[in-house]
1. N74 passes all but one of (1) within 11 Å of the chain's Cα centre (by Cα); (2) surrounded by fewer than 17 Cβ atoms within 10 Å (Cβ to Cβ); which number fails?
2. Looking at A96, A50, A102, can you tell me which residue is among the small types (G, A, S), at pLDDT below 95 and open to solvent by less than 50 Å² (accessible area, probe 1.4 Å)?
3. Residues that are more than 24 Å from M15 (Cα to Cα), at least 1 per element: which helices (runs of 4 or more DSSP H) completely within segment 28-128 meet that?
4. Filter segment 44-88 for residues that are in contact (Cβ under 8 Å) with a residue 40 or more places away in the chain and hydroxyl-bearing (S, T, Y) and give the result.
5. Which one is farthest from L38 (Cα to Cα) among residues in segment 77-86 that are surrounded by 14 or more Cβ atoms within 10 Å (Cβ to Cβ) and among the charged types (D, E, K, R)?
6. Give segment 1-39 a look and list any residue that's of a type outside the set (D, E, K, R) and farther than 30 Å from V113 by Cβ, or say none.
7. Considering only residues that are open to solvent by 90 Å² or more (accessible area, probe 1.4 Å) and over 12 Å from the mean Cα position of the chain (by Cα), look in segment 53-71 and name the one that is nearest to A102 (Cα to Cα).
Amino acid sequence: GRTLKKGIALDGLKMNVSIGIHDFEKKQPQPYRLDIGLELTNSYRTLHDAIAETINYDALRSRVLAHLGSRHFNLQETVIQDVMDICFDIDARVTAVDVRTAKTAVYPDCDAVGLHFQATRDEWLHPAP
């Protein structure tokens with residue numbers, strides 16, 4: 001039978017991030033965008049219409065923004081790995097994560113340069129060699 005997929009999306013989160021290996025990138029933060037998708041356990045549901053029952057996307061947004069504003073990152077790989085960690089840490093009911101990152105002002109002829117990672121909780125926490 002078909003498995004019902006449940007998820008939460010935080011799309012188009014925009015911020016300025018200090019990121020890059022070049023000297024000019026280390027002088028000031030640059031525009032950055034994140035798309036975050038959380039897949040949820042099949043038993044996820046709210047019974048009492050109460051915020052305590054949900055995945056708190058306010059907390060997710062706040063944690064991601066705080067972390068990305070906390071220091072300089074040389075690599076987008078570091079950023080996306082840290083965001084994946086935050087997503088799995090935010091709630092045990094998150095079974096898989098899908099994250100896209102984008103430096104949006106790198107090239108004048110390109111909308112963005114970024115990464116796309118997808119992983120289940122088990123794949124992320126216990127990667128195959």
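The values are calculated or read from the model by the stated rules, or taken from the named source; none is laboratory data. Please read these numbers as outputs of a predicted model, since none were measured by experiment. As a convention, Cβ positions derive from the backbone with ideal geometry for all residues, glycine included, and neighbour counts pool all protein chains shown. Side chains included, ligands, DNA and RNA excluded: accessible areas come from the protein's heavy atoms. Shrake-Rupley method; radii C 1.70, N 1.55, O 1.52, S 1.80 Å.
1. Every listed condition holds for N74 apart from (1).
2. The unique qualifying residue is A50.
3. 121-125
4. Selection gives Y44, Y57.
5. Kept after step one, since they are surrounded by 14 or more Cβ atoms within 10 Å (Cβ to Cβ), are these residues of segment 77-86: 79-86.
In the following step, the residues that additionally are among the charged types (D, E, K, R) were identified as 82, 85.
Details: D82: 15, D85: 12 Å.
This residue is D82.
6. Of segment 1-39, the ones of a type outside the set (D, E, K, R) are 1, 3-4, 7-10, 12-13, 15-22, 24, 28-32, 34, 36-38.
Within segment 1-39, G1, T3, L4 meet the criteria.
7. So the residue we want is R71.
Results for (1) touching a Ser or Thr at 6+ places or on another chain (Cβ under 6 Å); (2) on the phi > 0 side of the Ramachandran plot; (3) of a type outside the set (G, A, S), shown as yes or no for each residue.
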{"residue": "R45", "(1), (2), (3)": "no, no, yes"}
{"residue": "H48", "(1), (2), (3)": "no, no, yes"}
{"residue": "S70", "(1), (2), (3)": "no, no, no"}
{"residue": "F73", "(1), (2), (3)": "no, no, yes"}
{"residue": "Q76", "(1), (2), (3)": "yes, no, yes"}
{"residue": "V83", "(1), (2), (3)": "no, no, yes"}
